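One structure below.
The values are calculated or read from the model by the stated rules, or taken from the named source; none is laboratory data. Note that the structure is a prediction, hence the values are computed from the model and not measured. Reconstructed Cβ throughout: ideal geometry from the backbone, glycine too, with neighbour counts over all protein chains shown. Note: areas computed on protein heavy atoms with side chains; ligands, DNA, RNA excluded. Shrake-Rupley method; radii C 1.70, N 1.55, O 1.52, S 1.80 Å.
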Amino acid sequence: MWRNIRILILLLILLAIALNQYFDRVYSTDWNTPLRVTIYPIDGDGSPVTAQFISKLQHDRFQPLEAFFEREASFRGLPLEHPIQFKSAPQLRDIPPALDRNANVFGIIWWSLRMRYWAWRTPDGLGVAPDIKLFVVYHDPALTPTLAHSVGMQKGLYGVVNVFADQSMIGSNDVITAHELLHTLGASDKYDPRNSQPLNPIGYAEPTKQPLLPQTHAELMGGRIPLTSTKSEIPESLDQVVVGPLTAAEIRWKKP
Ligand SMILES: [Zn+2]
């Protein structure tokens, strides 16, 4: 009897989680109203360079991101004029749980549960609760020349975005932010994880271009601008990036 009740309770919890994830997925990509994204700046290393950079963050710094999504959504035929609205929360003093580099599959599951709980209990910031929370962690390039991987999680609707606290990197920081945001909406990577080369044709901005290489733009989830069959470069700003047809379909910009 007790055993059956315990199993029933467990099944109800799993059902609640599954339904919650299903509705998150449906509402985050219904595109009836603008998606609300709140960005939480976080100091990743405590260096004076990072602290100063965060203290000087401009209020209008999301303009290139909003303009990018407006341009690309309109090109893909989405009727919503302003698809994504960004807002900044005050700087978070808390740092997201770190994932151990050598973590096995159980370590990753444990980390993702802790991370999801951490994101969920983070205050919503000002006003209405956001649809998506992006934790943007700034690093001083002199202390961290190579950034840890960023993540965008559809389960829990949050992202952890590692970027450089450097004025000259603002454009490429926006590209990483937009890339991780689309992961939270269900877009998949379109590059070869072994060498970071974009996949042809799905990870190319202009797969029918003649000659095919070099390309001049990157597909957002392809991540880089392909120059030769073995070389590609990180875009300097969202002006060099497009959202390809497969990515647009994955985030449901095209109504079925
Ligand atoms: Zn990715």
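What the table below lists for this structure:
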{"quantity": "Test set (1) open to solvent by 30 Å² or more (accessible area, probe 1.4 Å); (2) in contact (Cβ under 8 Å) with a residue 60 or more places away in the chain; (3) within 28 Å of residue 245 (Cβ to Cβ) - residue 22 fails condition number", "calculated": "(2)"}
{"quantity": "Matching residues, the stretch 140-195, being open to solvent by 30 Å² or more (accessible area, probe 1.4 Å), within 16 Å of the ligand (Cβ to nearest atom), over 23 Å from residue 109 (Cα atoms) and of a type in the set (A, V, I, L, M, F, W, C)", "calculated": "176"}
{"quantity": "Test: residue in the stretch 110-124 that is in contact with a Lys or Arg (Cβ under 6 Å, 6 or more places away or on another chain) and closer than 25 Å to residue 252 by Cα", "calculated": "yes"}
{"quantity": "Selection count, the stretch 167-194, where residues are in contact with a strand residue (DSSP E or B) (Cβ under 9 Å, 6 or more places away or on another chain) and part of a loop (DSSP other than H, G, I, E, B)", "calculated": "4"}
{"quantity": "Residues satisfying the stated conditions in the stretch 214-231, i.e. touching a strand residue (DSSP E or B) at 6+ places or on another chain (Cβ under 6 Å) and open to solvent by 50 Å² or more (accessible area, probe 1.4 Å)", "calculated": "217, 224"}
{"quantity": "Check on residue 251, open to solvent by less than 20 Å² (accessible area, probe 1.4 Å), in contact with a His (Cβ under 8 Å, 6 or more places away or on another chain) and more than 12 Å from the ligand (Cβ to nearest atom)", "calculated": "no"}
{"quantity": "Residues that are in contact with a Leu (Cβ under 8 Å, 6 or more places away or on another chain), more than 11 Å from the ligand (Cβ to nearest atom) and part of a loop (DSSP other than H, G, I, E, B), drawn from the stretch 207-230", "calculated": "213, 214, 215, 227, 228, 229"}
{"quantity": "Selection from the stretch 232-246 of residues that are farther than 17 Å from residue 76 by Cα and either touching a Pro at 6+ places or on another chain (Cβ under 6 Å) or open to solvent by 70 Å² or more (accessible area, probe 1.4 Å) (or both)", "calculated": "232, 233, 234, 236"}
{"quantity": "Checklist (1) in a helix (DSSP H, G or I); (2) surrounded by fewer than 21 Cβ atoms within 10 Å (Cβ to Cβ); (3) among the hydrophobic types (A, V, I, L, M, F, W, C) applied to residue 202, failing item", "calculated": "(1)"}
{"quantity": "Candidate set from the stretch 42-60 (those that are touching a strand residue (DSSP E or B) at 6+ places or on another chain (Cβ under 8 Å), open to solvent by 10 Å² or more (accessible area, probe 1.4 Å) and touching a residue at least 24 places away in the same chain (Cβ under 8 Å)); member that is farthest from residue 241 (Cα to Cα)", "calculated": "45"}
{"quantity": "Any chance residue 85 is touching a helix residue (DSSP H, G or I) at 6+ places or on another chain (Cβ under 9 Å) and either of a type in the set (Val, Ile, Thr) or under 20 Å from residue 184 (Cβ atoms) (or both)", "calculated": "yes"}
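Results for (1) acidic (Asp, Glu); (2) under 23 Å from residue 165 (Cα atoms), shown as yes or no for each residue.
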residue	(1), (2)
60	yes, yes
63	no, yes
107	no, no
111	no, no
120	no, no
128	no, no
